[in-house]
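Here is the structure we will look at.
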Amino acid sequence: MLDFDISPLNTTLQEALLHKIQHKTKPLGALGQLEMVALQIGLIQQSMTPQLRQPTMLVFAGDHGVAQSGVSPYPQAVTAQMVLNFIAGGAAINVFSRQAGMALRVIDAGVNHTFGPNTHLVNAKVGMGTANFLQSPAMTASECDTAIARGAEIACAEIKAGCNIIGFGEMGIGNTSSASCLMGVLLGMPIAHCVGRGTGLDDTGLAHKIQVLTQAIAHHALNATDPYAVLSTFGGFEIAMMVGAMLAAAERKAVLLIDGFIVTAALLVASRIQPAILEYCIFSHQSDEHAHQMLLAELKAKPLLNLGLRLGEGTGAALAYPLVQNAVNFLNEMASFESAGVSERSA
């Protein structure tokens, strides 16, 4: 098991950064959340002139054994088909990443498919999908540790190459079921509050999903204070890999751009391992999944966007990245009252 050490943000520069923000040529607070994003990134980088370098979107893909229990209207084969779509450049995340100027890395964390050699796919496969957690833990402790370690390696490689802001996305039929169980167990919430329609379940399908997940949680009866055990029992290879990548990125003072429900559930696990990780996170959007809204509230998160998205893939993070860019740019490039010769508000 890897050890991570994430320090709370050093606030030494906070007063100076706030002064710089407040003396730009605008009324106090007029740029709203962008001002808080600029402050946060300045504190993460310990710089009065922070820079975003080589923004990268990591999309982790994996299959889930629980999909065999009818929790999704889509067949498991869609996971591999969508990975091929990512590789071919045809998915929403390809479009949005290109528009935002973000490099896109697609990672096979554990898809139930053998992909041919492809330079556009990162092969980090731990297994051919997880076990069905209705009957047994999704992963062994060793598999979970391996996934976390490989995620950490992937994030570290990007940071070593010069990246300092990473977006997180995912693909995996059945992974909203994993996310719901992680949320329910770690937060002690009724599973019915943590379950949504995922990729489009009707009322009958939603009721069946709740029944399956209720049965699974009762079957395992886990101690919610052990995030590793909860992750290995209900997680997916792609979720565990995201946990490792997030922890390693925050440990190295990168900015984490968080997408929707599944990514936020992975972050919940990571925050139970290292609580200070939340200080390095920018929450891109509030999805149309009710459970995501509740999870954001539990994490005291303030998402940048609310567009009714429920696609995953990192799409919300890619859409929000230009806002993050503009937060940094106004801090660095916008004139101050003094430099522009503009009169400030009188007391």
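The values are calculated or read from the model by the stated rules, or taken from the named source; none is laboratory data. None of these values were measured; they are calculated from a predicted model. Reconstructed Cβ throughout: ideal geometry from the backbone, glycine too, with neighbour counts over all protein chains shown.
What the table shows:
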| read-out | value |
| --- | --- |
| Members of the stretch 200-233 that are out of contact with any His (no Cβ under 9 Å at 6 or more places or on another chain), more than 28 Å from PHE4 (Cβ to Cβ) and outside any helix (DSSP H, G or I) | GLY200, ASP202 |
| Some residue of the stretch 172-186 being under 28 Å from ALA100 (Cβ atoms), at pLDDT 95 or above and in a strand (DSSP E or B) | no |
| Residue among GLN99, GLN76, GLN14 that is over 30 Å from ALA276 (Cα atoms), of a type in the set (S, T, N, Q) and over 20 Å from the mean Cα position of the chain (by Cα) | GLN76 |
| Subset of the stretch 312-327 (residues that are over 19 Å from GLN40 (Cβ atoms) and of a type in the set (Val, Ile, Thr)) | THR315 |
| Conditions (1) over 22 Å from ALA147 (Cα atoms); (2) modelled with pLDDT of 95 or more: number failed by ALA240 | (1) |
| Checking ILE217 against (1) buried (at least 23 other Cβ atoms within 10 Å of the Cβ); (2) over 30 Å from GLU251 (Cβ atoms), the condition it does not meet | (1) |
| Lone qualifier among ARG150, ARG197 - being part of a helix (DSSP H, G or I), of a type in the set (Lys, Arg) and either on the phi < 0 side of the Ramachandran plot or crowded, with 21+ Cβ neighbours inside 10 Å (or both) | ARG150 |
| Selection status of PHE60, under 30 Å from ASN329 (Cα atoms), surrounded by 15 or more Cβ atoms within 10 Å (Cβ to Cβ) and touching a Ser or Thr at 6+ places or on another chain (Cβ under 6 Å) | no |
| 2 or more residues closer than 30 Å to GLY236 by Cα, out of contact with any Leu (no Cβ under 9 Å at 6 or more places or on another chain) and modelled with pLDDT under 95: qualifying helices (runs of 4 or more DSSP H) within the stretch 1-119 | none |
| Conditions (1) crowded, with 24+ Cβ neighbours inside 10 Å; (2) modelled with pLDDT of 95 or more; number of the one not met by GLU289 | (2) |
| Which numbered condition ILE262 misses (of (1) part of a helix (DSSP H, G or I); (2) touching an Asp or Glu at 6+ places or on another chain (Cβ under 6 Å); (3) surrounded by fewer than 17 Cβ atoms within 10 Å (Cβ to Cβ)) | (3) |
| Filtered residues of the stretch 294-347 (kept if among the charged types (D, E, K, R), modelled with pLDDT of 95 or more and surrounded by 17 or more Cβ atoms within 10 Å (Cβ to Cβ)) | GLU313 |
| Criterion: in contact with a Gly (Cβ under 8 Å, 6 or more places away or on another chain) and crowded, with 17+ Cβ neighbours inside 10 Å - qualifying residue of ILE282, ILE239 | ILE239 |
| Top-ranked residue in the stretch 191-216 [being out of contact with any Ser or Thr (no Cβ under 7 Å at 6 or more places or on another chain) and closer than 15 Å to GLN293 by Cα; ranked as modelled with the lowest pLDDT] | ARG197 |
| Residue within the stretch 68-80 that is over 30 Å from THR140 (Cα atoms), surrounded by fewer than 21 Cβ atoms within 10 Å (Cβ to Cβ) and out of contact with any strand residue (DSSP E or B) (no Cβ under 9 Å at 6 or more places or on another chain) present | no |
